[in-house]
Amino acid sequence: MTYHALAFCGMPGTAADLKILRFSSQKLTCDLQIYGVASVEGAVDTDCGENPICIGYSRGCWNAMRYASKYPAAGVLLIAPHWGNRISLWLRLLLCIPILGTALLCIAGPRSIRKMLQETAFPSEIPAAYQALENIYVQTSILRSAMLSPVYSTAEAQALVQSLHVPVHVIAGERDKALHIAKELKPWLKRLTVVPNAGHALPWTHGNDCVKALNRLIGEL
């Protein structure tokens, strides 16, 4: 059986981030075709077949749920859900000034991305494939988009997950600072899986566990 999956990346991130799940050593129970996208609009323009499985990672979880609330979907898998970090108004205004905002991102960006990679991989070492993304994430256009992207509240996320009429699974790391977000959705989930001694970067550090969670979701469709 072939299942098609729309994989929504986080911010910062690239549309192909979750394709790493296809290379996990944990065998999938189906022929999974993964289409990496960054937005709901991009998903609509992607020929991914009917009723895809919507997979979201980090802030991409919001788009995965939003797609499944608007279009036919088979199920939803949320990996380390996160709804975004608020930044101050003055920083937002600075980032919107082309020259000044770009200079600020060039100065502070590399250190911030390096810290993000370390914190999201913790307590694991940063995998080489994940470390290689540093050169992509430090691009000013990606950083600006990530910092200025919308931030959603717990209440908004709970209302969105309640509106879904398909199985929703969540997998999150036990050591992830954002684990509380996954737990806040628990009353409306089919399943919540917490991976022991894992951080936020689950697709990169615990790909096998992500695929196991996907297999369980597929088994319930």
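How high is the relative contact order of the stretch 89-147, in percent, counting Cα pairs under 8 Å that sit 6 or more residues apart?
The value is 38 percent.
Looking at the chain, send over the antiparallel percent of its DSSP beta bridges, to the nearest 5.
In the chain, approximately 0 percent of DSSP beta bridges are antiparallel ones.
Would you kindly calculate the translational diffusion coefficient of the stretch 89-147, applying Stokes-Einstein with the Kirkwood radius from alpha carbon pairs, for 37 °C and a viscosity of 0.692 mPa s, and quote it in µm² s⁻¹ without decimals?
270
If packing is taken as the average count of other Cβ atoms within 10 Å, what order do 33-41, 132-140 fall into, highest mean first?
Taking the mean over residues of other Cβ atoms within 10 Å, the ranking is 33-41, 132-140.
So for the pair Leu89, Ser145, with labels modelled 7 Å out along Cα→Cβ, what separation do we get in nm?
The answer from the label model is 2.8 nm.
Starting from the Cα of Lys70, draw a straight line to each of the lysines and keep only those under 26 Å, dropping any in the same chain fewer than 8 residues away.
Lys19, Lys183, Lys186, Lys190
Using only Cα atoms and rounding to the nearest 10 degrees, what angle (0 to 90) does helix 60-70 make with the longest principal axis of the chain?
Taking the Cα atoms of the chain, the angle to 60-70 is about 50 degrees.
Please report the base-10 log of the normalised intensity I(q)/I(0) for the chain, using a Debye sum with one equal scatterer per alpha carbon and no solvent, at each q in 0.18 (1/Å).
-1.36
Per residue of the stretch 37-52, in order, report the coupling 6.51 cos²θ - 1.76 cosθ + 1.60 (Karplus, θ = phi - 60°) as ³J(HN,Hα) in whole Hz, putting x for Gly and Pro.
9, 10, 8, 5, 4, x, 5, 4, 7, 9, 7, 10, x, 8, 6, x
So what is the relative contact order for the chain, in percent, with contacts set as C-alpha pairs under 8 Å and at least six apart?
Worked out over the chain, it gives 23 percent.
Quick note: the coordinates plus some simple rules give every number you see, no bench work behind them. Since we're looking at a predicted model, the values are computed, not measured. All Cβ positions, glycine included, derive from the backbone under ideal geometry; neighbour counts span all protein chains shown.
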